[in-house]
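Right, one structure below, let's go through it.
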Amino acid sequence: MLWLLVRMIHAMLYGLRSLRRYRCEPLIAANGLGFVLITDGIYRIDKMSSVAELKWESAVSECRAHECRLMRAMEYINRLLPLDTDVIEALSDEQHAWLDHYLYRFAKLQDAMGERLFLSGLSLLGEEYGDQPFIDALNRLEALNLIPSREWWQQQREFRNQIAHEYPDRRAEQCAATNAICSEGDTILRVLNGVIDTVEKKRAGA
């Protein structure tokens, strides 16, 4: 903090003409990371954010990016459903690209939700599961009605595992898994927005 005191004194004495525009400098505080807002040589401490809040906001930002791209892919592939082995083999290169894009974004969104959003969200709700098995977090999310069920979440990952590699003798099974994932796009987006809304209401009332 000594450097901050020195610069504050310097600002008061000399006006710091070079700092007349707004800028922020990081400041580590006892309750998290904040910023020193400098304008016209006057130092003010901006609102502090806890580490949990920063993790949450980062997770939400990542999930929103995947959500946007997933929704765009959904608009295209919904015209192709339901899929069967003959339909998949007859897809054009562009249609294959959209289907692959949808499956990729679904997987990335589920990973971001499971690895980041759920845990940081539970933390802001006053429940810490970072050091516990993930299944415990899923059970709590189910109890809070934030996911349809623990089994539903695990099933989506199983479907993903089934299509992770292409096997000629398992095309019917992989096609069924692909249809299942494509049909769950709306559900996972409802889960995403339900979790975000619940945590943001808690933050607003804190």
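Applying the condition of being of a type in the set (Lys, Arg) and in a helix (DSSP H, G or I) to region 70-115 and asking which residue is farthest from Ile196 (Cα to Cα) yields Arg72. Among the residues here, Glu173 qualifies as among the charged types (D, E, K, R), at pLDDT below 95 and in the same structural domain as Ser58 (by TED's automatic domain parsing).
Taking region 101-120, which residues are within 16 Å of Phe134 (Cβ to Cβ) and of a type outside the set (Gly, Ala, Ser)? If the condition is that a residue be within 16 Å of Phe134 (Cβ to Cβ) and of a type outside the set (Gly, Ala, Ser), then Gln110, Asp111, Met113, Glu115, Arg116, Leu117, Phe118, Leu119 are the ones that fit.
Taken over region 172-206, the criterion of being of a type in the set (Lys, Arg) and either touching a residue at least 24 places away in the same chain (Cβ under 8 Å) or touching a Ser or Thr at 6+ places or on another chain (Cβ under 7 Å) (or both) is satisfied by Lys202, Arg203. Residues in region 46-69 that are exposed (fewer than 15 other Cβ atoms within 10 Å of the Cβ), in a helix (DSSP H, G or I) and more than 13 Å from the chain's Cα centre (by Cα): 1 in all. Here are some conditions: (1) touching a residue at least 12 places away in the same chain (Cβ under 8 Å); (2) under 13 Å from the mean Cα position of the chain (by Cα). Glu115 meets all but one. Which one does it not meet? Failed condition: (1).
The values are calculated or read from the model by the stated rules, or taken from the named source; none is laboratory data. Computed from a prediction, not measured in an experiment: that's the story for all the values here. So basically every Cβ, Gly included, is an ideal-geometry build from the backbone, and we count neighbours across all protein chains shown.
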